[in-house]
Amino acid sequence: MIKKKAVLFLCTGNSCRSQMAEGWARSLKSDVMDAYSAGVQPQDLNSNAVRVMAEAGVDMTNHRSKHLDELSDIDFAYVVTVCSNAQERCPVFPGTVRVVHRGFDDPPRLAENASSKEEALQHYRRVRDEIRDYVKTLPESLDEHTRPL
């Protein structure tokens, strides 16, 4: 039996992008990895992220935003930062954790100037789909893009 790799998706608020990544990873890659998400400054789960993930068949209604410290007992193989703030503030992890940065646009920020709810949701859907496409490459692509600690 192959041991699954524990992968942490890290962003600032753990409200949108990292939650989407965790949702996709649990949906598409649960056979090869255990997915988690956290933030360096957790905020409430973004309802638009939950909505667009549900549209794609991924239920995040039981997700909640977590601080990185809540997952300190997990032996991560990889940490994937999904925003530049998390990349800059990413702490040093013990052991052989590999850190990968794969930034995605921030849907709430993009949606701020939308002229309608539908236009705002289009930003969430685009980022959702970009994250899905990235998660599909995991965990194989992680070794190609790691940086030493």
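Throughout, read-outs are computed from the coordinates displayed, never taken from laboratory work. Keep in mind that this is a model prediction, so the values were computed, not measured. Neighbour counts run over all protein chains shown; Cβ positions are idealised from the backbone, glycine included.
Among Arg128, Arg51, Arg17, the largest mean-square fluctuation in a Gaussian network model of the chain, built with springs joining Cα atoms closer than 10 Å, belongs to Arg51.
When Cys83, Cys90, Cys16 are sorted by how many other C-beta atoms sit within 10 angstrom of their C-beta, beginning with the fewest, the order is Cys90, Cys83, Cys16. The spacing between the range 59-130 and the range 4-51, judged by their C-alpha centroids, is 6 Å. In order along the range 42-50, the phi-based Karplus estimate (6.51 cos²θ - 1.76 cosθ + 1.60, θ = phi - 60°) of 3J(HN,Hα) comes to x, 10, 4, 4, 7, 5, 5, 5, 4 Hz; Gly and Pro are listed as x. Please work out which option in (i) -0.49, -1.57; (ii) -0.57, -1.14; (iii) -0.45, -1.37 gives log10 I(q)/I(0) by the Debye sum over Cα atoms at q = 0.12, 0.21 Å⁻¹ calculated from these coordinates, and answer with its label. Recomputing log10 I(q)/I(0) by the Debye sum over Cα atoms at q = 0.12, 0.21 Å⁻¹ here gives the entry labelled (iii).
Straight-line cross-link partners of Lys29 among the lysines, defined as a Cα under 26 Å from its Cα and at least 8 positions apart when in the same chain: Lys3, Lys4, Lys5, Lys66, Lys136.
Ordered by the number of other Cβ atoms lying within 10 Å of each residue's own Cβ, fewest first, Val7, Val97, Val50 fall into the sequence Val97, Val50, Val7. Residues Leu142, Leu28, ranked from the fewest to the most other C-beta atoms within 10 Å, line up as Leu28, Leu142. Near Thr81, the amide H atoms lying under 5 Å from its own belong to Leu10, Val100, His101, Arg102; only residues 5 or more places off or on other chains count, and H is placed 1.01 Å from N.
Shown in residue order for the range 117-129 are the 3J(HN,Hα) couplings computed by the Karplus curve 6.51 cos²θ - 1.76 cosθ + 1.60 at θ = phi - 60°: 4, 5, 5, 4, 5, 4, 5, 4, 5, 4, 5, 3, 5 Hz (x for Gly and Pro). Amide H to amide H, with H built 1.01 Å from N, Ser37 comes under 5 Å of Phe9, counting only residues 5 or more places away or on other chains.
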